[in-house]
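The values are calculated or read from the model by the stated rules, or taken from the named source; none is laboratory data. Because the structure is a prediction, the values reported are computed rather than measured. Here the Cβ is made from the backbone with ideal geometry for all residues, glycine too, and neighbour counts use every protein chain on show. Note: areas computed on protein heavy atoms with side chains; ligands, DNA, RNA excluded. Shrake-Rupley method; radii C 1.70, N 1.55, O 1.52, S 1.80 Å.
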Amino acid sequence: MDFSQPRIIAEYGPGEGCHTREIVRRMHPDSQVILFELDPELTQHLEDQFRGDSRITVLNSDAGRLCEELTKRGHTHCDYIVSGIPFSILDPDKKRDLLHRTYDSLAPHDHSAFIIYQVTNELVGHCRHFPRRESEYCLQNIPPMFVTKFYKTANGHAHANGTNGHSHNGNGRH
């Protein structure tokens, strides 16, 4: 993530906030983060943890409401959407809908990306509408995780049909 200037960042399923804390530590002082957490106890934990930081909005809400929540706050798009939610257990229609809403919510800029960390890389097959991706398998994580960035643009241009190929980090993994 490029934190050199103000960004609008959303996070799906931040849990207890370990990735959120790192994002907040690194982000530009004028950035904003919107957190979507379904578990009421974790939502309360996040609210307590980030109380007093006006840059962070904690919502006990479904990530599918991102478009509405952005509009409510005067934003048209996000620069980054980070997700650790287990997409593999979502109903296929809900998964497809959320992935399309995610794509629609990203700003049409070269840096704008949907960043996921998952135990499997099965989501790649569901994100063909994103024109470009990079994926890395992180062994140092326990358990090891795939970290994949799905970009809104390919070669500087947004593509609605996602028919362009994909890129990877050069290590042969996709």
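Restricting to the range 13-60, and then to whatever is in contact with a Pro (Cβ under 9 Å, 6 or more places away or on another chain) and among the polar types (S, T, N, Q), can you tell me which residue is surrounded by the fewest Cβ atoms within 10 Å (Cβ to Cβ)?
Per the criteria, the residue is 60.
Confirm whether residue 91 is acidic (Asp, Glu) and open to solvent by less than 60 Å² (accessible area, probe 1.4 Å).
It is false that residue 91 is acidic (Asp, Glu) and open to solvent by less than 60 Å² (accessible area, probe 1.4 Å).
Could you check the range 61-80 and list, in sequence order, the residues that are open to solvent by 40 Å² or more (accessible area, probe 1.4 Å) and assigned to a helix (DSSP H, G or I)?
Within the range 61-80, 65, 67, 68, 71, 72 qualify.
Quick check on my filter: what residues within the range 104-129 are free of Cβ contacts under 8 Å to residues at least 40 places away in the same chain, within 11 Å of residue 152 (Cα to Cα) and in a helix (DSSP H, G or I)?
Within the range 104-129, just 104 meets the criteria.
Among the residues that make up the range 116-124, is at least one of them at pLDDT 85 or above, among the polar types (S, T, N, Q) and open to solvent by less than 40 Å² (accessible area, probe 1.4 Å)?
Taking every residue of the range 116-124 in turn, none turns out to be at pLDDT 85 or above, among the polar types (S, T, N, Q) and open to solvent by less than 40 Å² (accessible area, probe 1.4 Å).
Just one of 108, 131 is modelled with pLDDT of 90 or more and in contact with a Ser or Thr (Cβ under 8 Å, 6 or more places away or on another chain); which is it?
Only one candidate passes the filter, namely 108.
Could you give every pair whose Cβ atoms fall below 9 Å, whose first residue belongs to the range 18-35 and is more than 16 Å from residue 58 (Cα to Cα) and of a type outside the set (Gly, Ala, Ser), and whose second residue is at pLDDT 95 or above and assigned to a strand (DSSP E or B), counting only separations of at least 6 or pairs across chains?
Within 9 Å, the pairs are 27/9; 27/33.
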